[in-house]
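The values are calculated or read from the model by the stated rules, or taken from the named source; none is laboratory data. What you are looking at is a predicted structure, and each value in this text was computed from that prediction instead of being measured. Here the Cβ positions follow ideal geometry from the backbone for every residue, glycine too, while neighbour counts run over all protein chains shown.
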Amino acid sequence: MTEQTTVQAAMAPTAPKPKYAHFLGCVMPTRMPWAESAIMKTLPRLGVDITYLEKSTCCPRAGVWISVDKRVWLTLASYNLLQAEQAGRDVMVSCNGCYVTLYEANKVLRESPKDLEEVNQYLAAAGKHYDANVRVRHLLEVLYEDVGIERIRREAKKLHIKVAIHPGCHMRIFQDGHLVRYFNELTEALVDEVVPYGLERMCCGLQANLADREFATYDRAKRKFDAIQEHDVDALVIVCSGCYDQFERTIASLRKKDNYNFDVPVIHLAELLAVSYGIKPDDFGMRYMRTAPVDKLIEKLENSVK
Amino acid sequence: MKELYPWRRPVKIPLPSSVKPQLIRHFSIGLLYPVTEELKEARVKAGLDAIPPTAHRYHEAVDDIQKIVKAMGIDKKMGLDMEKMEYKFK
């Protein structure tokens, strides 16, 4: 149990129920409507008070701005965080990349009054102000800690499928590795089997794309696809929109260029959770905008909850 | 410093070509990807509003980002003309 979990557990009887604003980022609302819908429809069923973090802009990309200009990273991240602060909510993020950008920026601003003051000088140009009074939480933390892994294990209907998982590099932000553990345990709670393929830790290649697209495609994403296709799995489960973006682009490019077909559907953990809690795949648009046909997968999922 | 290092000059480091269009999208629509007709259809089929409640719907967020970027002076540092959304240095 992490220190944060212990504190929350101790506060549970008296602490007010957390309210969250869902930060969508760039990829989820434009490439993964099924994930956005599954999250927004399922979390209220689990007792999570969730609304959208409205007026959001790019997080911005930590891999670019932290190394180029710290002020830009902190100020543009604050612009997103202050929307939640004004609404009196904490921030919830599913994309690991957006999470790192916003979590780290918030940590710097809460610990450094000097940085916060400088950020507010720039935000004033748009008539905005940020007090750094919100928490940034990952979807996995909300599910595992707030809803509770035991409750999910107890209530969720087991889905009779076998899956591979891709956690993503930024899920390893914390030394205790709790996000990766949460991802593993939550997936295991929902499906028959999580099949190891040996390259779970390998990067999707997203950041390498900025420097060398060939390397990112063939030495990263495709190596994962090759390893996964050697096993009999029904889906590849992710939570990170950045990794999804890279997989979607690479799958399309390999199909066009090399006639290489990765026919394992890439899906979001929230889709499994939604079906497991009684939401029909067609109610969250599971059939559309996919990297591979999902009809067989949907049939298996629907048979599991009949 | 100039007395010590008379030949030292500020240098313009070129932005990677893969980053340039991303920054233009970030500063002109607020996010990296636009909303297409195919997306609107898929979002409605997913039970969502056709336009997401991000800067795609709230254009004032884009105006705010542009004001902040100009206040920081990074547009000039990058050689980005924010009115034309064009880079000065190709």
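From the list A:Arg213, A:Arg153, A:Arg172, which one is of a type in the set (Lys, Arg), over 20 Å from the mean Cα position of the chain (by Cα) and away from every other protein chain (no Cβ under 14 Å)? Outline the logic, then answer.
Working: A:Arg213 fails: away from every other protein chain (no Cβ under 14 Å); A:Arg172 fails: over 20 Å from the mean Cα position of the chain (by Cα).
Among A:Arg213, A:Arg153, A:Arg172, only A:Arg153 is of a type in the set (Lys, Arg), over 20 Å from the mean Cα position of the chain (by Cα) and away from every other protein chain (no Cβ under 14 Å).
A quick yes/no check of all residues on (1) surrounded by fewer than 17 Cβ atoms within 10 Å (Cβ to Cβ); (2) closer than 17 Å to A:Asn80 by Cβ; (3) within 9 Å of chain A (Cβ to nearest Cβ); (4) not small (Gly, Ala, Ser):
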| position | (1), (2), (3), (4) |
| --- | --- |
| B:Pro21 | yes, no, no, yes |
| B:Pro34 | yes, no, yes, yes |
| B:Leu39 | no, no, yes, yes |
| B:Lys76 | yes, no, no, yes |
| B:Gly79 | yes, no, no, no |
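Residues are listed down the side, and each one gets a yes or a no for (1) within 23 Å of A:Met289 (Cβ to Cβ); (2) among the acidic types (Asp, Glu):
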site	(1), (2)
A:Thr187	yes, no
A:Arg201	no, no
A:Glu230	no, yes
A:Ala252	yes, no
A:Phe262	yes, no
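Scanning the stretch A:280-301 for residues that are assigned to a helix (DSSP H, G or I), out of contact with any helix residue (DSSP H, G or I) (no Cβ under 7 Å at 6 or more places or on another chain) and either free of Cβ contacts under 8 Å to residues at least 40 places away in the same chain or among the aromatic types (Phe, Trp, Tyr) (or both) returns A:Asp282, A:Asp295, A:Glu299.
State whether one or more residues within the stretch A:158-165 are more than 20 Å from the chain's Cα centre (by Cα), surrounded by 18 or more Cβ atoms within 10 Å (Cβ to Cβ) and either within 25 Å of A:Ala77 (Cα to Cα) or not assigned by TED's automatic domain parsing to the domain that holds A:Trp65 (or both). Please lay out each step first, then the result.
Kept after step one, since they are more than 20 Å from the chain's Cα centre (by Cα), are these residues of the stretch A:158-165: A:158-162.
Those left that are additionally surrounded by 18 or more Cβ atoms within 10 Å (Cβ to Cβ): A:159, A:161.
Adding the requirement that they be either within 25 Å of A:Ala77 (Cα to Cα) or not assigned by TED's automatic domain parsing to the domain that holds A:Trp65 (or both) leaves A:159, A:161.
Yes: the stretch A:158-165 contains one or more residues that are more than 20 Å from the chain's Cα centre (by Cα), surrounded by 18 or more Cβ atoms within 10 Å (Cβ to Cβ) and either within 25 Å of A:Ala77 (Cα to Cα) or not assigned by TED's automatic domain parsing to the domain that holds A:Trp65 (or both).
Inside the stretch B:59-80, residues that are at pLDDT 95 or above and more than 17 Å from A:Ala77 (Cα to Cα) make up a count of 1.
Every residue, every condition in (1) over 30 Å from B:Met72 (Cα atoms); (2) within 9 Å of chain B (Cβ to nearest Cβ); (3) in contact with a Lys or Arg (Cβ under 8 Å, 6 or more places away or on another chain); (4) modelled with pLDDT under 80, yes or no:
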| residue | (1), (2), (3), (4) |
| --- | --- |
| A:Ala15 | yes, no, no, yes |
| A:Pro29 | no, yes, yes, no |
| A:Ala38 | yes, yes, no, no |
| A:Lys41 | yes, yes, no, no |
| A:Pro44 | yes, no, no, no |
| A:Thr57 | no, yes, no, no |
| A:Gly63 | no, no, no, yes |
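In contact (Cβ under 8 Å) with a residue 40 or more places away in the chain, in contact with a Lys or Arg (Cβ under 8 Å, 6 or more places away or on another chain) and within 14 Å of another protein chain (Cβ to nearest Cβ) - does that describe any residue in the stretch A:122-133? Checked against the condition, which is being in contact (Cβ under 8 Å) with a residue 40 or more places away in the chain, in contact with a Lys or Arg (Cβ under 8 Å, 6 or more places away or on another chain) and within 14 Å of another protein chain (Cβ to nearest Cβ), the stretch A:122-133 yields at least one hit.
Taken together, B:Leu32, B:Leu15, B:Leu39 contain a single residue that is hydrophobic (A, V, I, L, M, F, W, C), modelled with pLDDT of 90 or more and in a loop (DSSP other than H, G, I, E, B), which is B:Leu32.
Please verify whether the stretch A:189-197 includes one or more residues that are more than 21 Å from A:Ile298 (Cβ to Cβ) and not assigned by TED's automatic domain parsing to the domain that holds A:Cys26. So far as the stretch A:189-197 goes, yes, one or more of its residues are more than 21 Å from A:Ile298 (Cβ to Cβ) and not assigned by TED's automatic domain parsing to the domain that holds A:Cys26. Filtering the stretch A:182-201 to residues that are farther than 22 Å from A:Val275 by Cα and within 17 Å of the chain's Cα centre (by Cα) leaves A:Glu200, A:Arg201. Scanning the stretch A:61-118 for residues that are outside any loop (DSSP other than H, G, I, E, B) and small (Gly, Ala, Ser), we see that the one that is surrounded by the fewest Cβ atoms within 10 Å (Cβ to Cβ) is A:Ser67. Residues in the stretch B:45-74 that are touching a residue at least 24 places away in the same chain (Cβ under 8 Å), closer than 20 Å to A:Val64 by Cβ and more than 7 Å from every other protein chain (Cβ to nearest Cβ): B:Val62, B:Gln66, B:Val69. Would you say A:Tyr130 is under 27 Å from the mean Cα position of the chain (by Cα) and within 15 Å of A:Gln83 (Cα to Cα)? Criteria met by A:Tyr130. Condition (residue is within 17 Å of A:Thr30 (Cβ to Cβ) and of a type in the set (S, T, N, Q)) applied to the stretch A:239-249: is it met by at least one residue? Checking the stretch A:239-249: at least one residue is within 17 Å of A:Thr30 (Cβ to Cβ) and of a type in the set (S, T, N, Q).
Out of A:Val275, A:Val239, one residue alone is of a type in the set (A, V, I, L, M, F, W, C) and over 25 Å from A:Cys98 (Cα atoms). It is A:Val275. Taken as a whole, the structure places A:Asp245 among residues that are crowded, with 19+ Cβ neighbours inside 10 Å, of a type in the set (Asp, Glu) and part of a helix (DSSP H, G or I).
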